[in-house]
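Asker: One structure is given below, represented as structure tokens, and several questions about it will come after.
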Amino acid sequence: MIQITPSAAQEIKRIQRSRQATDSYLRITVQSGGCLDYIYQFSLDSQPQSGDRQETIRNINILIPPGDAEQLKDLSIDYSEDLMGGSFRFKNPHTTKTCNCGQSFQKEP
């Protein structure tokens, strides 16, 4: 199960409001790219697609594509701001390496 901290939930809800999509689903996927092998991607969707796993966490409706469910298992999402701006931070116990930016990772073999 994915975990979302209160600060990450607040930022996700702010993004939904700013895009006038308060009833949208947050789709979380894993894509090739970034500093290492993979990156996490967020998008807002109006409805689930066939096969999506659905979760509700902190009143946020989450969609996870079937092919990404294993890589997102036990993922923790946080949001923090510093002098360089704000960004989401990811902790995934099933990765072997994470880049310094915290957005890209290598997965377990």
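The values are calculated or read from the model by the stated rules, or taken from the named source; none is laboratory data. It should be emphasised that the depicted structure is a prediction, and the values quoted were computed from it without experimental measurement. Cβ placement follows ideal geometry from the backbone for every residue including glycine, while neighbour counts extend to all protein chains displayed. Heavy atoms of the whole protein, side chains included, go into the accessibility calculation; ligands, DNA and RNA do not. Shrake-Rupley method; radii C 1.70, N 1.55, O 1.52, S 1.80 Å.
Asker: In the range 1-20, what residues are closer than 16 Å to Asp45 by Cβ, out of contact with any Leu (no Cβ under 9 Å at 6 or more places or on another chain) and in a loop (DSSP other than H, G, I, E, B)?
Answerer: If the condition is that a residue be closer than 16 Å to Asp45 by Cβ, out of contact with any Leu (no Cβ under 9 Å at 6 or more places or on another chain) and in a loop (DSSP other than H, G, I, E, B), then Gln20 is the only one that fits.
Asker: Which of the residues belonging to the range 74-105 are part of a loop (DSSP other than H, G, I, E, B), on the phi < 0 side of the Ramachandran plot and without any contact (Cβ under 8 Å) to a residue 40 or more places away in the chain?
Answerer: Within the range 74-105, Leu83, Met84, Asn92, Pro93, His94 meet the criteria.
Asker: Give the number of residues within the range 13-44 that are over 18 Å from Asp78 (Cα atoms) and either of a type in the set (Lys, Arg) or open to solvent by less than 30 Å² (accessible area, probe 1.4 Å) (or both).
Answerer: Of the residues in that region, 5 qualify.
Asker: Are any residues in the range 59-109 within 16 Å of Gln31 (Cα to Cα), among the acidic types (Asp, Glu) and open to solvent by less than 80 Å² (accessible area, probe 1.4 Å), and if so, which ones?
Answerer: Answer for the range 59-109, where residues must be within 16 Å of Gln31 (Cα to Cα), among the acidic types (Asp, Glu) and open to solvent by less than 80 Å² (accessible area, probe 1.4 Å): just Asp68.
Asker: Inside the range 57-92, can you point out the residues that are hydrophobic (A, V, I, L, M, F, W, C) and within 14 Å of the chain's Cα centre (by Cα)?
Answerer: Ile57, Ile60, Ile62, Leu63, Ile64, Ala69, Leu72, Leu75, Ile77, Phe88, Phe90
Asker: Exactly one of (1) under 20 Å from Ala8 (Cα atoms); (2) outside any strand (DSSP E or B); (3) among the acidic types (Asp, Glu); (4) touching a Ser or Thr at 6+ places or on another chain (Cβ under 6 Å) is unmet by Asp68. Its number?
Answerer: (1)
Asker: In addition: Can you name the number of the only condition in (1) over 15 Å from the mean Cα position of the chain (by Cα); (2) open to solvent by 90 Å² or more (accessible area, probe 1.4 Å); (3) not basic (Lys, Arg) that Gln10 fails?
Answerer: It is condition (1) that Gln10 fails.
Asker: Looking only at residues that are polar (S, T, N, Q), touching a Phe, Trp or Tyr at 6+ places or on another chain (Cβ under 9 Å) and free of Cβ contacts under 8 Å to residues at least 40 places away in the same chain in the range 1-42, which one is nearest to Asp68 (Cα to Cα)?
Answerer: Across the range 1-42, the extreme among qualifying residues is Thr29.
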